[in-house]
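Undergrad: First the structure, which I've put down as structure tokens, then a few questions once you've had a look.
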Amino acid sequence: MRLRLLGAGSTLTLALLAAICAFVAATRGSVELGSVPASVPALQLDFALTPLAAPFLALLAMLGSAVGVWGLRRDRPIDAMLIAAFVAAMLVLLIASSVASFFLSWETMSLVSAFLVAAYHKRRAVRRATWVYLVAAQAGALCILATMLVLATHAGGWSFPAIATAAATLPPSARDAAFILAMLGFGSKAGLLPLHFWLPRAHPVAPPSASAMLSGAMLKVALYALTLVTFNLAAPAPTSWGVALMVVGTLSAIGGVLYALVDHDLKRLLAYHSVENVGIIAIGIGLALVARSTGDLALAALALTAAIFHAINHGLFKGLLFLGSGVVADTEGTVDLERLGGLWSHLVWTGPLFLIGCVAIVGLPPFNGFASEWMTFQSLIASWHAFVPAFALVSLAAVLGLSLTGGLAAACFVKVFGVAFLGHPRRAVTRPIATERFDAATLALMALAVLCTLFGIVPMLVVVPLARVVASTIGVAPPIAAALPVLPIALATLPIAAAIGVLAIERYRRVRTVPTWTCGSPVTPSAQYTATAFSKSLRTIFAFVLLPERRRIVEAGASSWFPKRIVYRTESRDIIDETARRFAALMLQFARRSRALQSGSLRLYVAYSLGAVIVAIALANR
Amino acid sequence: MNALVQLLLVAALAPLAHGAMKALRARFSGRPGPSILQSYRDYAKLWCKEAVLPEGASIITRCAPGVAFGVALTLAAALPLGGSVPPLPDVVGLIFLLAVGHFVLGVAALDTRSAFSGMAASRSMTFASLVEPALLAALLGAAALGKGTQLSSLLTLAHGPTSALAFAGFFLVMLAETARIPIDNQETHYELTMIHEGLVLEYSGWHLAFLQAAAQIRQLSFLLLGAILLSGGGVLALAGWAVVLAAAVSVVETVFAKVRLFEVPQLLATGLIFAVTSIVLRLFGAPA
């Protein structure tokens, strides 16, 4: 108990510290915080506040305090302590200003989060997921180290300002090598396709607060690092980098939402939505890179503002949804959508707050997801005019991909909310379920929901300070559309007013309730549409990516017309996992075939040696 | 003030447009059909009836008719007919606005616990997600390219082969979005084939009146949007084109049969391809 208080208290303190850092960095610009000297220059630890880190520090502060409050009530003590360490590592990473301090805090962040993923390590699946996560994290870390080494050896210094100054004279090959390595390292941490494979494995097994921090904050920190490298440490970036990032972002957005649609484990589904949203953010960053390389600084500033705004928003609503799924797991004992239902009637606090999270992530006005997605659309559409046609085609594809993603996300969250929270419970309910009471965990959810709503109704609260930060990175202030401050309210006023009106009419007009009409048969919970059924049509349309697999087993009874039992299972496979599996199978097969060479016969080996000698002589005489 | 007039005018004329299309379709298929004022009488009837809801339905189900109605009104207010409020007529905002309507009705349909509503919700969300990119591309392709996303730019449109392509895309999408044959059938009584009607299957009485009003206002708004794409301003021209479009939709409904469910994506993809082609041609410098 005391340990939990200590953990949650430290998380809250660190969040406050992050808030102070964010405020100072946003108002004062770059501030040196000091450094720890070392005998070897490469190991010197420098710390500084930079404007670019400010929005991410602010996100860490908001999400950290919500998760801290949640921890007061729900986390196990050890998890609360680990969360505090995780926040500390990310805080240090965001103020790191030399290769050593950056890399050390990056590794700390990876390791602490691996411990969080391994929280329930007694289960085999958890240990397996942790293993996959650790492999992805360490392989990524090696790429990041390589990036840093490429940049630092050219610069001849190990502090970020020195590297940034020397970046202008980087030879193109070193620049491209740094970018590709950074994409591999930071991209895998951020969950960009096709390196997202650890996300859907790690999230379902991690505690909810850890998932909220992983998805809400750590992915954003990885995107911060990617922005730092492309806009600062290896700047100026050639156009091809931005185009590559836009393409990867679009694919991640569509792929993420498609796999989310067919997944019915609530937490894994949310993990796939993180892939989607990271894709949307990557599109913004990519567009900013392209615009900057073609000299259109205003457009670059607008796109970067949209991307960072979406990063903040995603942190808030994804934190809300993950914590909400934690409440569901606590009260129901499962997050499998096929077994949930009717939560709305007893989760009287979490239900409405979770709905706000769903509406925000879908990007409906007047919530925060709308504001940032709208800005991303605006910057993409503006780029058609600004770019040469070839780039405009990429950004046209991004616009179409983004709007498809929006529609699919809406379908997915109709499924999540409608199936899990509304209707009848889908499992046998033996005793009446207690109505949820307000506690610290609910307070955390409420804080995040309030922020989602506030930033949606008044987007300028974020956009104005963000514009200053972006202006100091790119040099030009983003041209914010005059419509942005009023559009969310304008779009949402009439629907909300009409809904209130209808409820008001209800007070005077009769509304009678009767059993649902099911063609005369009794109303049973199993007659409701399920999550699998709901996603069926999209699963069929997108079968070429989702690779659905269907198994139907009929146990015949007295006659084949009256089966005793029918088992129906359908599963979708992640195309990346499937490709990896096929590749591994191919390699194994190749290895098995090549075993024939090793027959164990001495004469054959002598023949090999003789053949090798002949080939060697033939080559030498050529 | 102008906005209010425009809003009320569109809302008041929507049942007339609906009735006229219904009557026209009946004539085409050789039936006498209802009077074109029948929709108004239906409202009077529905308004007097009590609303019946399934047991245990949450507040979301009770709010949904209002939200859908509000979305339709906002759409009507956003049309660039001279009375729209400045930030509203934004193409991207409009797409998100339509998504609000789909989302709320979809969630409410799952709340009713009926398998028919659930099926309709699934189909409606599926097609809505495919309609979104096509509608966005059609409107953007028709709008002056890259000059902002305001709908008013549709009014200053130059007409030519590329804008005709964009319009073709828009027409296909409009059929889907307003629940018309060959994608959906408004007059079906067979639950398994319903999409929009299935969504609102459990609603009745004055709740249903709001939902029907929402559908009819959305119908007229889309007709007007199409008329704007074709004519580019002028009240008489707009009204004329809207009538022509309504007649065209009725002809399509008479001539074609409803396509199989899994052929709808191909239809919508065709619309998308038309719209995208027009944008690409424009990007590479083809004249309007």
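Undergrad: In deg cm²/dmol and to the nearest 500, what is the mean residue ellipticity at 222 nm of chain A if only DSSP H runs of at least 4 residues count, each as -39500 (n - 2.57), divided by the residue total?
TA: Details: 24 runs with 427 residues, N = 622.
My calculation for chain A gives -23000 deg cm²/dmol from helical runs alone.
Undergrad: Moving on. Tabulate in residue order the Karplus-calculated ³J(HN,Hα) for the range B:183-190, using 6.51 cos²θ - 1.76 cosθ + 1.60 with θ = phi - 60°, rounded to whole Hz; enter x for Gly and Pro.
TA: Couplings: 9, 9, 10, 6, 9, 6, 10, 10 Hz.
Undergrad: Aspartates and glutamates within cross-link reach of A:K220: Cα-Cα under 17 Å, excluding same-chain residues under 8 positions apart?
TA: Answer for A:K220, where 17 Å is the Cα cut-off: A:E107, A:E276, A:E373, listed by chain and number.
Undergrad: Projecting each Cα onto the charge dipole of the range A:144-271 (Lys/Arg +1, Asp/Glu -1 at the beta carbon, about the Cα centre), which of A:A152, A:L192, A:S211 comes out farthest on the positive side?
TA: Highest projection toward the positive end goes to A:S211.
Undergrad: Taking the Cα centre as origin and putting +1 on Lys and Arg beta-carbons and -1 on Asp and Glu beta-carbons, what dipole magnitude results for chain A, to the nearest 20 debye? If you can, show how the numbers build up before the last one.
TA: Values: 46 positive and 24 negative charges, 435 e Å.
Result for chain A is approximately 2080 debye, rounded to the nearest 20.
Undergrad: In debye, nearest 20: dipole of the range B:11-126 around its Cα centre with unit charges on the Cβ of K, R (+) and D, E (-)? Walk me through the intermediate numbers first.
TA: On the way: 10 positive and 5 negative charges, 113 e Å.
Around 540 debye, computed over the range B:11-126.
Undergrad: Rounded, prolate or oblate: which fits the range A:485-622, taking a ≥ b ≥ c as square roots of the Cα gyration tensor eigenvalues, rounded meaning a/c under 1.5, else prolate when a/b beats b/c? Don't skip to the end; give the middle numbers.
TA: Details: a/c = 8.06, a/b = 2.20, b/c = 3.67.
Judged from the Cα gyration tensor, the range A:485-622 comes out oblate (a/c at least 1.5, b/c at or above a/b).
Undergrad: Another question about this same structure. Looking at the protein assembly as shown, what % of its DSSP beta bridges pair antiparallel, to the nearest 5?
TA: Numbers: 16 of 20 bridges.
Counting DSSP beta bridges with both partners in the protein assembly as shown, the antiparallel share is about 80 percent.
Undergrad: Scan the range B:180-288 for chymotrypsin sites (Phe, Trp or Tyr not before Pro) in coil per DSSP, keeping those whose Cβ has at most 13 other Cβ atoms within 10 Å, and list them by number.
TA: Details: sites: B:Y190, B:Y203, B:W206, B:F210, B:F222, B:W241, B:F256, B:F262, B:F274, B:F284; in loops: B:Y190, B:Y203, B:F256, B:F284.
Passing sites in the range B:180-288 are B:Y190, B:F256, B:F284.
Undergrad: Another question about this same structure. Using θ = phi - 60° and the Karplus form 6.51 cos²θ - 1.76 cosθ + 1.60, what ³J(HN,Hα) does each residue of the range B:54-69 get, whole Hz, x for Gly and Pro?
TA: Ordered by residue, 3J(HN,Hα) equals x, 4, x, 5, 7, 5, 4, 4, 7, 7, 4, x, x, 4, 4, 5 Hz.
Undergrad: What residue among A:T27, A:S609, A:L251 has its Cα farthest toward the positive end of the dipole of the protein assembly as shown, where the charges are +1 on Lys, Arg and -1 on Asp, Glu, each on the Cβ?
TA: A:S609
Undergrad: Find the Rg to Rh ratio for the range A:332-460, where Rh is the Kirkwood radius over alpha-carbon pairs and Rg uses the same atoms.
TA: Numbers: Rg = 19.0 Å, Rh = 16.9 Å.
That ratio equals 1.13.
Undergrad: Can you work out ³J(HN,Hα) from phi for every residue in the range B:254-262, in order, using Karplus 6.51 cos²θ - 1.76 cosθ + 1.60 and θ = phi - 60°, giving whole Hz and x for Gly and Pro?
TA: Per-residue couplings from phi come out as 7, 7, 9, 9, 5, 7, 4, 3, 7 Hz.
Undergrad: Quick check: Cα centre of the range A:81-127 to Cα centre of the range B:152-207, how many Å?
TA: 51
Undergrad: Shape of the range A:43-131 from its Cα gyration tensor (a ≥ b ≥ c, root eigenvalues): rounded if a/c is under 1.5, otherwise prolate when a/b > b/c, or oblate? Please list the in-between numbers first.
TA: Working: a/c = 2.86, a/b = 1.47, b/c = 1.95.
The shape class here is oblate.
Undergrad: Could I ask something else about it? Using DSSP to define loop residues, name the chymotrypsin sites (Phe, Trp or Tyr not before Pro) in the range A:56-92 whose beta-carbon has at most 11 other beta-carbon atoms within 10 Å. Let's see the in-between values first.
TA: Values: sites: A:F56, A:W70, A:F86; in loops: none.
Sites meeting the loop and neighbour criteria: none at all.
Undergrad: Going Cα to Cα from B:K49, which lysines come in below 26 Å? Please leave out same-chain ones fewer than 8 positions away.
TA: Within reach: B:K22.
Undergrad: Along its three principal axes, how long is the range B:146-288 when you only count alpha carbons? Whole Å, largest extent first please.
TA: 50, 34, 29
Undergrad: Moving to a separate point now. Which aspartates and glutamates, on any chain, are close to B:K45 with Cα under 19 Å apart, when same-chain ones fewer than 8 places away are left out?
TA: Filter leaves A:E506, B:E187, B:E197, B:E202.
Undergrad: For an R0 of 56 angstrom, estimate the FRET efficiency from the Cβ-Cβ distance between A:A397 and A:L597 and round to the nearest 0.05.
TA: Numbers: r = 48 Å, r/R0 = 0.85.
Calculated value: 0.70.
Undergrad: Report, as an integer, the average count of C-beta atoms from other chains found within 10 Å of each Cβ along A:535-547.
TA: Partner-chain Cβ atoms within 10 Å, mean over residues of A:535-547: 3.
Undergrad: Take peptide A:395-404, look around each residue's Cβ out to 10 angstrom, count Cβ atoms belonging to other protein chains, and average those counts. Before the final figure, lay out each step's value.
TA: On the way: counts 1, 7, 1, 0, 7, 10, 1, 4, 13, 7.
Per residue, the average neighbour count from other chains is 5.
Undergrad: Still on this model: Is it possible to state the helix-based mean residue ellipticity at 222 nm for chain B, with each DSSP H run of 4+ residues giving -39500 (n - 2.57), the sum divided by total residues, to the nearest 500 deg cm²/dmol? What is it?
TA: Details: 10 runs with 196 residues, N = 288.
The per-residue figure over chain B is -23500 deg cm²/dmol.
Undergrad: Mind checking the mean number of beta-carbon atoms from other chains within 10 Å of the Cβ atoms in A:501-513? Show your work: numbers first, answer last.
TA: Values: counts 5, 13, 4, 1, 6, 7, 0, 0, 8, 6, 10, 6, 7.
Mean partner-chain Cβ count within 10 Å for A:501-513: 6.
Undergrad: Also, quick follow-up: Any chance you could tell me what percent of the C-alpha pair distances in chain A go past 47 Å?
TA: Numbers: 38911 of 193131 pairs.
Of all Cα-Cα distances in chain A, 20 percent exceed 47 Å.
Undergrad: Need one number: the % of Cα-Cα pairs in chain B sitting beyond the 31 Å mark. Working shown, then result.
TA: Values: 10134 of 41328 pairs.
Pairs farther apart than 31 Å: 25 percent.
Undergrad: A further question follows. Only loop residues by DSSP count here, and only those with at most 12 other Cβ atoms within 10 Å; note down the trypsin sites (Lys or Arg not before Pro) in the range A:502-542 that meet that.
TA: A:R510
Undergrad: Let me ask something additional. Going by average Cβ neighbours within 10 Å, how do the peptides A:77-84, A:606-613, A:479-486 rank, with the highest at the top?
TA: Working: A:77-84: 22.4, A:606-613: 10.1, A:479-486: 16.6.
Ranking, from highest mean packing down: A:77-84, A:479-486, A:606-613.
Undergrad: Still on this model: If a paramagnetic tag sat 7 Å from the Cα of B:V259 along the Cα-Cβ line, which residues of the range B:160-175 would have the backbone N under 18 Å from that point?
TA: Flagged as within label range: B:165-175.
Undergrad: Classify the range A:499-542: rounded, prolate or oblate, from the alpha-carbon gyration tensor (a ≥ b ≥ c, eigenvalue square roots; a/c under 1.5 rounded; otherwise prolate if a/b is larger than b/c)? Could the numbers behind the result be given before it?
TA: Details: a/c = 4.49, a/b = 1.66, b/c = 2.70.
Taking the square roots of the gyration eigenvalues as a ≥ b ≥ c, the range A:499-542 is oblate.
Undergrad: Right, here's the next one. Counting pairs of alpha carbon atoms under 8 Å apart in space and at least six apart in sequence, what relative contact order in percent does chain B give?
TA: Working: 450 pairs, mean separation 81.6, N = 288.
For chain B, the relative contact order is 28 percent.
Undergrad: May I pose another question? Please report Rg over Rh for the range A:473-521, where both radii come from the alpha carbon positions and Rh follows the Kirkwood definition. Each step should come with its number before you reach the end.
TA: Numbers: Rg = 22.3 Å, Rh = 15.7 Å.
For the range A:473-521, the value is 1.42.
Undergrad: Sticking with this one: Exceeding 18 Å between C-alpha atoms, which entries from my cross-link table qualify? They are A:K267/A:K318; A:K415/A:K536; A:K122/A:K267. Could the numbers behind the result be given before it?
TA: Details: A:K267/A:K318 11 Å; A:K415/A:K536 11 Å; A:K122/A:K267 20 Å.
In this structure, A:K122/A:K267 exceed 18 Å between Cα atoms.
Undergrad: Mean separation of Cα pairs under 8 Å and 6+ residues apart, divided by the residue count of the range A:332-418: what relative contact order is that in percent?
TA: Values: 47 pairs, mean separation 20.4, N = 87.
Across the range A:332-418, relative contact order equals 23 percent.
Undergrad: Moving on. Once the mean 1/r over all distinct Cα pairs of the range A:549-622 is inverted, what Kirkwood radius in angstroms do you read off? Kindly include the intermediate steps, with their values, before the conclusion.
TA: Values: mean 1/r = 0.0550 Å⁻¹.
Computed over the range A:549-622, the radius equals 18.2 Å.
Undergrad: Taking 8 Å as the Cα distance limit and 6 or more residues as the minimum spacing, I'd like the relative contact order of chain A as a percentage. Write out the running numbers ahead of the final one.
TA: On the way: 1010 pairs, mean separation 78.4, N = 622.
So the answer I get is 13 percent.
Any read-out appearing in this document is the output of simple, stated calculations on the displayed coordinates, not a laboratory observation. Predicted model, so just to flag it, every value in this text is computed and none were measured. So basically every Cβ, Gly included, is an ideal-geometry build from the backbone, and we count neighbours across all protein chains shown.
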